[in-house]
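Here the structure comes first, spelled out in structure tokens, and everything after it is commentary.
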Amino acid sequence: MKTRNLIKSLGGALLAAVLAFGSSANADPVTQLIHFDDASNGWKWYSDVDNNFVFDPTNLQSSTLCADSTAGGNGSCLIEGTQGVLPRMTRPENGPTSQGGPANPGPDSSGDLLAFTLDSFYFLLTGKGTGAENAITVEGSNGESTTLEMGMAYTDPDTTGAVTFYEGANAGDPAGVLTNQIGYIASFGDLFAGVAWIQFSAPSTAQVRLDCIVATFNGTTTEPLSSFSGGCGGGEPPPPPNNVPEPGTLALLGLGLVGVGLTRRRRRV
């Protein structure tokens with residue numbers, strides 16, 4: 001192969017590699033905190049500010065029983081009172097054009113349901129009794145489900161499986177027996193990885209507060225999870241945007257441009 005053709009091929013290949021690498025970098029997984037603090041009381045469905053996720057149906061209220069607000073003061077959260085419902089969480093291909101509202105009309109989302117991973121959430125059980133009457137259940141489209149019951153000990157790996165519990169919205173000490181009126185962070189590892197939907201449910205007797213839901217997906221968000229310090233994701237600055245080129249990407253880009261430049265110079269000679 002002639003030197004000119006070799007340089008041309010190398011330059012084109014390097015540029016193609018850079019473009020492919022940059023494209024995949026833009027789609028790197030991000031981890032988002034959904035905190036509900038921007039919701040209005042009584043909304044019957046909700047979408048985060050970036051319209052990545054839809055929760056439907058909901059009963060959103062501000063309360064001291066929610067996790068700490070990301071903006072200070074009382075936060076807003078999903079409350080199971082007398083409705084007997086908690087939402088299905090989805091990630092529509094085309095998100096809604098607003099963040100929430102009444103039951104009719106519902107969210108104007110459309111398209112396929114895109115995959116995501118449920119990482120963790122905050123919950124608080126305020127009802128009376130133990131067992132199924134005071135519990136919250138999480139079910140994924142992958143067929144996995146888990147029920148978190150008042151009075152149950154979650155220190156035994158045979159009982160918890162992939163679920164880990166921490167006391168409080170700051171994800172503090174590992175939890176033992178789940179107790180009334182104490183909030184917990186439940187972390188699920190890969191139990192709900194790559195799901196199309198998550199269904200939350202609880203009996204009205206449990207009077208659940210659900211908040212600070214964390215999910216990972218391929219996309220973008222303006223509300224990345226930093227940590228649980230400060231309550232519900234506050235405390236640390238967010239990571240840099242995913243579309244910032246890494247040093248390796250810049251080096252590849254430079255090599256590609258050099259190859260193209262040499263090719264053009266060769267043509268002029």
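Quick look at the values:
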read-out	value
Single residue of PRO102, PRO92, PRO87, PRO96 found to be more than 22 Å from the chain's Cα centre (by Cα) and at pLDDT 65 or above	PRO102
Failed condition for GLY73, given (1) within 30 Å of VAL208 (Cβ to Cβ); (2) at pLDDT 65 or above	(2)
Single unsatisfied condition, ASP108 versus (1) under 22 Å from ILE185 (Cα atoms); (2) free of Cβ contacts under 8 Å to residues at least 40 places away in the same chain; (3) of a type in the set (D, E, K, R)	(1)
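The values are calculated or read from the model by the stated rules, or taken from the named source; none is laboratory data. Not measured: the values here are computed from a predicted model. Neighbour counts are summed over all protein chains in view; Cβ atoms, including those assigned to glycine, are modelled from backbone coordinates with ideal geometry.
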